[in-house]
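Asker: Have a look at this one.
The values are calculated or read from the model by the stated rules, or taken from the named source; none is laboratory data. Quick caveat: nothing in here was measured; it's all calculated off a predicted structure. Cβ atoms come from the backbone with ideal geometry, glycine included; neighbour counts cover every protein chain shown. Remember, those area values only see protein heavy atoms, side chains included, never the ligands or the DNA or RNA. Shrake-Rupley method; radii C 1.70, N 1.55, O 1.52, S 1.80 Å.
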Amino acid sequence: MEKENIYQAPSSVLDRGEEEEVVYAGFWVRVIASIIDTVILLLVSSPLLLLIYGKNYWVSDSFSKGFWDYIISYAFPAIAIILFWHYKSATPGKMLLGLKIVSLGATQQLSVGQSIGRYLAYFPSMFVFMIGIIWVAFDRRKQGWHDKLANTVVIKSR
C-alpha cells in the first residue's frame, strides 16, 4: 500500500488532465471583469448612500460617515462577492465575460472558507504596488497571489 504524502498540495481535475483544454483567463480580461463589477457595485451602493447621507456624502473629507456607510461601502460588497464566488463561481463581470473561478482541490467548487480566504488574500496582493495582482500577467496559470493563497485559478468557461 502506497503511503500518501501529507505535505503535497492536493491535485485537481485540472492538474490530472481530465478536463478538455483548459484556458486560463489572462490579466486584461480579468481587469475588464473587475471594472464591470465595480460599476455594478457603484450603481447599487451610490443611490443608497445618497438617500441616507445626502449630497454632502461626496464632499466630506471623512473616510467613513458612520454605520450605514460601513455596511453599504465595505460589508455589502465583501459579502456579495464571496457569495457570488461560492454559489456561481464568478462575479457578474466574470460571468459576462465567460470566466469562472475554480478550486485546484478535489472538486472545482470553491468552499465558503476558500471564498473568504481568496477575498482576504486580495489585501496582501495589492499592498505593495499591486504586485500580487499584476503577477497574473506573468504566471504560467495566470494566478495572482490571492489565487495562489486560496488554491484557485480563473478559467475561460466558454
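Asker: Could you list the square roots of 5 times each eigenvalue of the Cα gyration tensor of the range 32-115, that is, the equivalent ellipsoid semi-axes, sorted largest first and rounded to whole Å? Intermediate results must be reported in sequence, preceding the final value.
Answerer: On the way: eigenvalues 187, 40, 15 Å².
Taking √(5λ) for each Cα gyration eigenvalue gives 31, 14, 9 Å.
Asker: Something else about it: In the range 93-153, what trypsin sites (Lys or Arg not before Pro) fall in a loop by DSSP, with at most 10 other Cβ atoms inside 10 Å?
Answerer: Hits after loop and neighbour filter: Arg140.
Asker: Also, I was wondering about something else. Say R0 is 25 Å: what FRET efficiency, to the nearest 0.05, do Trp28 and Ala78 get from their beta-carbon distance?
Answerer: 0.50
Asker: Could you work out the local net charge near Arg30, counting Lys and Arg as +1, Asp and Glu as -1, over the other residues with Cβ closer than 15 Å to its Cβ?
Answerer: Numbers: positive: Lys94, Lys100, Arg118, Arg141, Lys142, Lys148, Lys156; negative: Asp37, Asp139, Asp147.
Taking every Cβ under 15 Å from that of Arg30, the sum is +4.
Asker: Can I ask one more? Which residue, Phe76, Ser62, Phe127, has the largest displacement toward the positive end of the dipole of the chain when charges sit on each Cβ (Lys, Arg +1; Asp, Glu -1)?
Answerer: Ser62
Asker: Can you send over the carbon and sulfur percentage of the accessible area for the range 89-158, probe radius 1.4 Å, protein chains only?
Answerer: Its accessible area is 71 percent carbon and sulfur atoms.
Asker: Do you know the Lys pair count in the range 40-158 for C-alpha distances under 18 Å, with sequence separation 8 or more or different chains?
Answerer: 10
Asker: Which value at 222 nm does the chain reach when only helices count, each DSSP H run of 4 or more adding -39,500 (n - 2.57), with the total divided by all residues and rounded to the nearest 500 deg cm²/dmol?
Answerer: -14500 deg cm²/dmol
Asker: Okay, next question. Distance between Cα centroids, the range 101-128 to the range 63-86: provide it in whole Å.
Answerer: That distance is 18 Å.
Asker: Which semi-axis lengths, in whole Å and largest first, follow from the square roots of five times the eigenvalues of the Cα gyration tensor of the chain?
Answerer: 34, 16, 15
Asker: Determine the gain in length on full extension of the stretch Trp68-Arg140; use 0.36 nm per residue of separation and subtract their C-alpha separation, reporting nm with one decimal.
Answerer: 21.7 nm
Asker: Something else now. Ignoring ligands, DNA and RNA, what accessible area per residue does the range 65-157 give at 1.4 Å, in Å²?
Answerer: Result: 53 Å² per residue.
Asker: Please give the net charge around Leu97, taking every other residue with its beta carbon less than 13 angstrom from that of Leu97, where Lys and Arg add +1 and Asp and Glu add -1.
Answerer: Working: positive: Arg30, Lys94, Lys100, Lys156, Arg158; negative: Asp37.
It works out to a net charge of +4.
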